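The following block contains the structure, expressed as structure tokens.
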Amino acid sequence: MPTRSHLILAAALAGLAATAAPAQQPPGTQPPGAQPPAPVQPAATIFAEPVALMIAACDGDGDARVSPAELANCLKRSYATIDTGGRGMMGYISFADWAERWLGDRNALPSPFEVDSNGDNQITLAELQLWFDRAFARFDKNRDAVLVRSELLTLDRGMARPRVDPNAPPPDGARRRR
């Protein structure tokens with residue numbers, strides 16, 4: 001005759017078997033009513049630097065092209081939103097406020113140390129425009145003194161490489177590293 005402990009053990013095993021059975025699906029099948037997994041988005045290979053996004057936003061006449069004059073006017077307007085007292089200079093904390101508003105993040109490049117060309121811990125509009133003039137020249141691939149969207153994009157060739165599964169078997173003839 002089964003003892004009480006045998007009955008408890010049998011009930012526990014029956015409960016465990018009942019909960020584990022639905023989880024044992026053949027490979028590649030979904031349990032009834034389950035949503036299929038979402039497709040994996042490929043890694044981004046094209047991106048835009050925060051500075052490039054701001055330059056693109058400086059297109060004053062809506063022709064999808066940014067001239068040096070449009071950039072200068074845009075920088076002047078953006079600078080004035082932080083230099084509300086009209087002092088003509090901003091400290092590094094104010095520059096971080098400017099970067100957050102116009103570049104999207106307080107730590108977005110350029111850093112204030114790059115922009116502050118004379119090292120006086122103040123950033124003037126002239127210093128900001130000088131830095132952006134250099135950025136403009138860097139982006140202007142065809143040297144026509146106008147930036148179009150394709151020039152403001154960056155191709156990350158490193159991300160374009162296929163991902164390697166470390167658990168996949170090595171290709172024929174290749175040796176696995178230990």
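Quick test of your reading of the structure: VAL51 fulfils all but one of (1) under 17 Å from the mean Cα position of the chain (by Cα); (2) open to solvent by 40 Å² or more (accessible area, probe 1.4 Å); (3) β-branched (Val, Ile, Thr). Name the failing condition by number.
VAL51 satisfies every listed condition except (2).
Right, next: List the pairs whose first member sits in segment 144-167 and is at positive phi, whose second member is at pLDDT 95 or above and open to solvent by less than 80 Å² (accessible area, probe 1.4 Å), and whose Cβ atoms are under 8 Å apart, counting only residues at least 6 apart or on separate chains?
ALA145/SER67; ALA145/PRO68
Looking at segment 32-60, I want the residues that are at pLDDT 90 or above and have a partner that is open to solvent by 50 Å² or more (accessible area, probe 1.4 Å) and of a type in the set (Asp, Glu) with Cβ atoms under 8 Å, at least 6 apart or on another chain. Which pairs are those?
PRO50/ASP105
Does segment 99-112 contain any residue that is of a type in the set (Gly, Ala, Ser), surrounded by 12 or more Cβ atoms within 10 Å (Cβ to Cβ) and assigned to a helix (DSSP H, G or I)?
yes
In addition: Condition check: within 17 Å of PRO50 (Cβ to Cβ), at pLDDT 95 or above, assigned to a helix (DSSP H, G or I) and charged (D, E, K, R). Does ARG134 satisfy that?
Yes; evaluated as a whole, the condition is true for this residue.
Now, a different point. Assess whether VAL115 counts as being within 21 Å of ASP63 (Cβ to Cβ) and aliphatic (A, V, I, L, M).
Working: within 21 Å of ASP63 (Cβ to Cβ): no; aliphatic (A, V, I, L, M): yes.
No.
Are any residues in segment 72-93 polar (S, T, N, Q) and in contact (Cβ under 8 Å) with a residue 24 or more places away in the chain, and if so, which ones?
SER78
Could you please give the count of residues in segment 118-153 that are within 20 Å of ASP97 (Cβ to Cβ) and not aliphatic (A, V, I, L, M)?
So the count comes out to 8.
Among the residues of segment 72-101, write down those that are out of contact with any helix residue (DSSP H, G or I) (no Cβ under 9 Å at 6 or more places or on another chain), charged (D, E, K, R) and under 18 Å from VAL51 (Cα atoms).
ARG77, GLU100
Do you know which residues across segment 61-71 are without any contact (Cβ under 8 Å) to a residue 60 or more places away in the chain and surrounded by 15 or more Cβ atoms within 10 Å (Cβ to Cβ)?
GLU70
The values are calculated or read from the model by the stated rules, or taken from the named source; none is laboratory data. The structure displayed is predicted, hence computed values, not measured ones. Reconstructed Cβ throughout: ideal geometry from the backbone, glycine too, with neighbour counts over all protein chains shown. Calculation scope for accessible area: heavy atoms of the full protein, side chains included, ligands and nucleic acids excluded. Shrake-Rupley method; radii C 1.70, N 1.55, O 1.52, S 1.80 Å.
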